[in-house]
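The values are calculated or read from the model by the stated rules, or taken from the named source; none is laboratory data. In this text, all values refer to a predicted model and were calculated from it rather than measured experimentally. Here the Cβ positions follow ideal geometry from the backbone for every residue, glycine too, while neighbour counts run over all protein chains shown.
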Amino acid sequence: MPAAFGQMLTEARESRGLSIEDASFETRIPVARLRLLESGNLAAFGSMTYARSFIRRYSEYLEVDAADMLEDLPAGVLGGERDYRYLTQSHGPWLREHGTTAVSAVKATGGLNVIKSPLPAAIAVFVLILAGTAMWGKHMADIHRLEQAQPAETESTSPSKSNPAMDGSAAGTVALKAKAPVTKQIDFPVSVRKAMPVD
């Protein structure tokens, strides 16, 4: 019966003047699946649920009556309340009653093992690493600013050590004023403490 139905689908498509690619584009069913339907090879779908869905969609597009064909197909592996009862006994209720929380639903079904997601822990670790990196970067920037400020202070206080030929002359004073670096003002309070030996 599937081969005859597949032939009927092929004839309906060809009578409309459509290629299999056109039908695939319009129905959003892959070309390989349409070829399986037209050849009557429903076993290649893997599940009769998929085969039924594709048959229904393709026959509606081609305006072919597929009701008899769908009735003759075997039912899927899971179906009916027997299977639903098995699944709820094995894995707990699928839907919670209104007003219950997930914890109370788990306790009511006998304490199922709940797998906790590693996502919150991963986010916490990422935030800690990000905060640590920001604090380290600020510390390094502060050290760099202090190192730039200290050589400027030492050069302006002792010009005679670096150039003994100009140690009191007017030219030395003019040269010192010309070479004096412009210090940058630091926006935040900085205090530098030096270690002192304890007696």
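Identify all residues within region 7-51 that are within 22 Å of ASP68 (Cα to Cα), in contact with a Leu (Cβ under 6 Å, 6 or more places away or on another chain) and small (Gly, Ala, Ser); write none if there are none. If the condition is that a residue be within 22 Å of ASP68 (Cα to Cα), in contact with a Leu (Cβ under 6 Å, 6 or more places away or on another chain) and small (Gly, Ala, Ser), then ALA12, ALA44, ALA51 are the ones that fit. Just one of the listed residues (GLU11, GLU38) is closer than 18 Å to LEU73 by Cα and over 37 Å from the mean Cα position of the chain (by Cα), namely GLU38. Taking every residue in region 38-50 that is outside any helix (DSSP H, G or I) and pairing it with any residue that is loosely packed, with under 15 Cβ neighbours inside 10 Å, at least 6 positions away or on another chain, the pairs with Cβ-Cβ distances below 6 Å are GLY40/ALA3. The number of residues in region 13-34 being within 20 Å of PHE45 (Cβ to Cβ) and not in a helix (DSSP H, G or I) comes to 3. Contact map, region 11-30: residues that are in the same structural domain as VAL64 (by TED's automatic domain parsing) paired with residues that are surrounded by 16 or more Cβ atoms within 10 Å (Cβ to Cβ) and not in a helix (DSSP H, G or I), Cβ distance under 9 Å, separation 6+ or inter-chain. Pairs shown: ALA12/VAL64; ALA23/ILE29; GLU26/LEU18. Taking VAL31 and the conditions (1) in contact with a Ser or Thr (Cβ under 9 Å, 6 or more places away or on another chain); (2) crowded, with 19+ Cβ neighbours inside 10 Å; (3) not acidic (Asp, Glu), which numbered condition does it fall short on, given that it satisfies the others? Of the numbered conditions (1) in contact with a Ser or Thr (Cβ under 9 Å, 6 or more places away or on another chain); (2) crowded, with 19+ Cβ neighbours inside 10 Å; (3) not acidic (Asp, Glu), the odd one out for VAL31 is (2).
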